[in-house]
């Protein structure tokens, strides 16, 4: 992978508690949901058929796909880490629906920093919140950054490193 | 009384069939997906940027391999089900993970979330395969009654057998 650009995060400058660059999308409309459903060929009607969602399934609106939200979180982490870093791990749980019409913010905050194997490991608390500040998708992510004058983060990222749980 | 049977427990750890996507990752699939997720990184469509960044050719976003297992051409149209069941919810258009059913005693399934590890990105032209196994099965009491929580691990690989990503999916049945 290529070396860091001028605006890439520098591991040695990061501090626990720092916010990472948030990503905002929205309002997420029915058209966004239909485009997503078509792209992944998921025809679950709750995402595009409002009467079915609200009358049959008793939902408050058309839910934003969980599959879209997981990519949104990954995208937020990768935009921050790219190009020198690698998003190694991410996990999240779906705790609350976001419905069409919402404006969503993917956010992250550094909770741990560790130098290991000649690289910098950044653990973040992450989540998605709507325009009312309601959180729906809490999780954690671990990114890997090169150290200054350190080695390049390997690509492909070796599975052997996966045993080093942070 | 436990709702988890010995037959369910026996399925833990057993690998399901290896499934291969019906087609290699093509440029139009990559374009539509990248646009739908509102991705801004040109490494997903610009060959020059992909080359400059060391990928060689445009690459998928990390989680796109999950969505490459669409219904193959020439197979029965799942929408025919609407003829007999007009209130069908439309689920089932994608291929299942190739695991035997747990025969859960509850009908309502909830998506609990995912834990993912990334090794490399699928490239344009890659033919992605996956193999799953149940890794955890537990029972708990929720406010609406008993609930079974089960986790499925899926490993995605390319045509060379190289690992792309590993995902553990948590689902809740109640």
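The values are calculated or read from the model by the stated rules, or taken from the named source; none is laboratory data. Everything numeric in this text was worked out from a predicted model, so none of it was measured. Note: ideal-geometry Cβ built from the backbone for every residue, glycine included; neighbour counts use all protein chains shown.
A few points about this structure:
Per-residue answers, yes or no, for (1) touching a helix residue (DSSP H, G or I) at 6+ places or on another chain (Cβ under 7 Å); (2) assigned to a loop (DSSP other than H, G, I, E, B); (3) within 12 Å of chain A (Cβ to nearest Cβ):
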site	(1), (2), (3)
B:30	yes, no, yes
B:71	yes, yes, yes
B:76	no, yes, no
B:105	no, yes, no
B:112	no, no, yes
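- For segment B:115-129, filtered to residues that are touching a residue at least 60 places away in the same chain (Cβ under 8 Å) and not in a loop (DSSP other than H, G, I, E, B), the residue that is nearest to the chain's Cα centre (by Cα) is B:129.
- Some residue of segment A:127-135 being surrounded by 22 or more Cβ atoms within 10 Å (Cβ to Cβ) and closer than 17 Å to residue B:37 by Cβ: yes
- Taken over segment A:9-47, the criterion of being at positive phi and either within 14 Å of chain B (Cβ to nearest Cβ) or in a helix (DSSP H, G or I) (or both) is satisfied by A:26, A:41.
- Flag if residue B:23 is more than 23 Å from residue A:33 (Cα to Cα) and loosely packed, with under 12 Cβ neighbours inside 10 Å: no
- Selection count, segment B:89-114, where residues are modelled with pLDDT under 80 and either closer than 13 Å to residue B:65 by Cβ or under 16 Å from the mean Cα position of the chain (by Cα) (or both): 5
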